[in-house]
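To start, the structure under review is shown below, and the notes come after it.
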């Protein structure tokens with residue numbers, strides 16, 4: 001949510017600000033299924049860890065760029081896209097971790113009520 005507000009502080013062009021939000025969702029459309037396939041074939045906890053660490057690094061780089069006054073719309077677009085990739089990986093991996101956390105004996109699944 002903060003990225004569009006930051007973009008609005010950098011530029012007054014509404015198309016660029018709206019494009020930032022759109023770019024954040026592009027990784028879901030392009031990479032959602034391939035990332036899901038990778039998560040199913042590998043260890044999901046590594047994807048969760050990778051996504052969390054990469055988010056921290058991206059926000060650190062963005063913070064440093066803003067402190068050095070070298071922030072630009074191109075940097076915001078790159079950060080938004082990479083955060084979207086990390087979000088797609090994290091969400092896919094966290095969903096595949098649920099069966100490992102919930103014991104089969106406690107999960108009865110959806111049942112039809114008569």
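Below are the figures for this structure:
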item: Among (1) -0.55, -0.80, -1.14; (2) -0.47, -0.80, -1.33; (3) -0.44, -0.74, -1.35, the entry that matches log10 I(q)/I(0) by the Debye sum over Cα atoms at q = 0.12, 0.16, 0.22 Å⁻¹ as calculated here; result: (1)
item: Inter-site label distance for residue 65 and residue 53 at 7 Å from Cα along Cβ, in nm; result: 2.2
item: With Cα atoms, 0 to 90° folded angle of helix 73-101 axis to the chain main axis; result: 10
item: Highest-MSF residue in the chain out of 51, 65, 80 [GNM, Cα springs under 10 Å]; result: 65
item: Relative packing of peptides 23-33, 68-78 - highest average C-beta neighbours within 10 Å first; result: 23-33, 68-78
item: Simple spin-label estimate for residue 22 and residue 72 in nanometres, 7 Å along Cα-Cβ; result: 2.1
item: Choice from 86, 36, 19 showing the highest fluctuation, given a GNM over the chain with Cα pairs closer than 10 Å; result: 19
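Only the coordinates and a few stated rules stand behind these numbers; no lab work does. Keep in mind that this is a model prediction, so the values were computed, not measured. No Cβ is skipped: glycine too gets one built from the backbone with ideal geometry, and neighbour counts run over all protein chains shown.
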